[in-house]
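What follows is calculated from the coordinates using simple rules that are stated; it is not laboratory data. In this text, all values refer to a predicted model and were calculated from it rather than measured experimentally. Glycine gets a Cβ as well: all are built from the backbone with ideal geometry, and neighbour counts include every protein chain shown.
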Amino acid sequence: MGVKAYRCRVCGNPLYFENSVCVSCGTGLGYARAEREIVPVDASGVYVDADGWIWHVCHNLGLSGCTWLAPLEGGQCVSCDLTRTRPNDADAAGLANFPLAERAKRHLIVELDSLGFPLVGKNQDAVNGLAFDLLSSTLGQVMIAHNDGIVTIDLAEGDDSHRERVRSQLDEPYRTMLGHFRHEVGHYYEWQLVELAGDPGLLARARELFGDETTDYQEAVDRHYQNGPPTDWRLAYISSYATMHPYEDFAETWAHYLHICDTLETAVSFGLVPAAELLGRARFRDLVSDVWVPLSTALNLVNRSMGKDDLYPFVLADAVLEKLDFVASLRPAA
Ligand SMILES: [Zn+2]
Ligand SMILES: [Zn+2]
Ligand SMILES: [Zn+2]
């Protein structure tokens with residue numbers, strides 16, 4: 001998980017995850033998902049792995065900036081396979097924001113892979129699989145949502161001024177494309193790992209923490225937008241949006257679980273936190289209190305030193321730590 005300190009295998013130069021070419025030596029690059037590494041490709045965009053398998057630069061490199069390797073020449077990678085709908089060729093605004101959404105999706109997949117969460121596309125399992133509709137609200141209303149494994153993302157959220165306007169209207173402290181992806185797959189994983197688990201104890205614990213998920217959703221939405229959150233919501237929720245419905249509380253908590261794991265891992269990769277700090281705690285909530293809270297406070301102050309808003313503008317109440325702990329417990333055993 002986390003943004004690793006990737007390096008060019010040819011010249012040793014540090015790489016960003018999104019690089020398709022090494023800026024130092026000019027070698028073409030691709031992401032090999034099986035190796036979880038950025039690897040060099042030859043002049044025709046080919047990489048041969050240690051087992052002799054031949055990989056090709058994803059067909060969508062030019063369209064969406066996809067830097068992953070694909071199994072077939074002229075084909076697309078597994079991340080692109082998860083996109084069921086993309087903006088059509090006439091939708092210039094949608095296409096302009098498409099690369100940003102795909103980049104956020106790839107970032108999400110890398111983290112899910114390293115945490116060990118199962119990831120199956122609708123192309124492999126039409127019922128329980130996951131797929132993304134990346135739609136553009138310039139052509140009509142788009143609801144960012146999850147439904148039976150289909151995550152819908154509004155590409156307009158890739159536009160900074162649009163997203164900032166919505167953020168301010170909804171009075172949210174944080175709104176990003178990656179955050180949308182993390183939140184929406186939270187709904188998917190609650191469905192898959194809690195509701196379909198066939199474990200009454202697990203479901204009971206989820207209801208104890210988040211509330212009864214069978215509560216009428218539309219009524220909850222109407223109430224939330226009419227009355228706003230309860231005034232003391234900070235004592236039990238990570239965000240005011242989480243108060244709306246048990247499903248939203250879970251998805252918000254899930255998103256924060258991914259925010260925290262990813263950022264901690266990046267901090268370890270770049271030496272900001274000793275790797276040993278991530279080990280040896282029985283409960284995830286202790287890792288959050290002992291390591292994440294001090295780190296995020298420091299990073300907030302780093303941002304303030306640059307005149308930026310806080311990196312992590314959230315307060316984690318005890319009840320929220322318990323919810324995070326529950327989400328962390330869903331991680332499959334390694
Ligand atoms: Zn290089
Ligand atoms: Zn791709
Ligand atoms: Zn949601």
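Structure notes:
- Positive-end residue, the chain charge dipole about Cα centroid, Cβ charges, pick of 161, 293, 226: 293
- Crossing angle, helix 177-190 versus the chain [Cα axis fit, 0-90 degrees, rounded to tens]: 70
- Rounded to the nearest 20 debye, the dipole size of the chain about its Cα centre is 840 debye, using +1 on the Cβ of Lys and Arg and -1 on the Cβ of Asp and Glu.
- Length-normalised contact order of the range 82-196 in % [C-alpha pairs under 8 Å, at least 6 apart]: 27
- Placing unit charges on the Cβ atoms only, positive for Lys and Arg and negative for Asp and Glu, gives the range 95-250 a dipole magnitude near 420 debye about its Cα centre.
- The chain: Cys lacking any partner C-beta under 4.7 angstrom: 80, 261
- Folded to 0 to 90 degrees: helix 293-305 orientation relative to the chain principal axis, Cα: 70
- The range 201-334: C-alpha gyration tensor shape, a/c 1.5 cut-off, then a/b vs b/c: oblate
- Rough spin-label spacing in nm, given labels placed 7 Å along Cα→Cβ, for residue 195 and residue 7: 4.6
- With the simple spin-label model, which puts each label point 7 Å out from Cα in the Cβ direction, the residue 216 to residue 331 separation comes to 4.0 nm.
- Here is the size of the range 244-308 from its Cα atoms: Rg then Dmax, 13.5, 39 Å.
- One quarter of the convex hull surface built on the alpha carbon atoms of the range 36-158 amounts to 8.5 nm², the projected area averaged over directions.
- Remark on the chain: Rg and Dmax equal 20.4, 61 Å (Cα only).
- Proximal lysines to residue 4, defined as alpha-carbon separation beneath 28 angstrom and excluding residues fewer than eight positions away on the same chain: 105, 308, 323
- Computed from label points 7 Å out along Cα-Cβ, the spacing between residue 89 and residue 46 is 2.8 nm.
- Volume of the Cα convex hull of the range 1-78, divided per residue and given in Å³: 95
- 0 to 90° range, to nearest 10: angle between helix 160-169 axis and the chain longest Cα axis: 10
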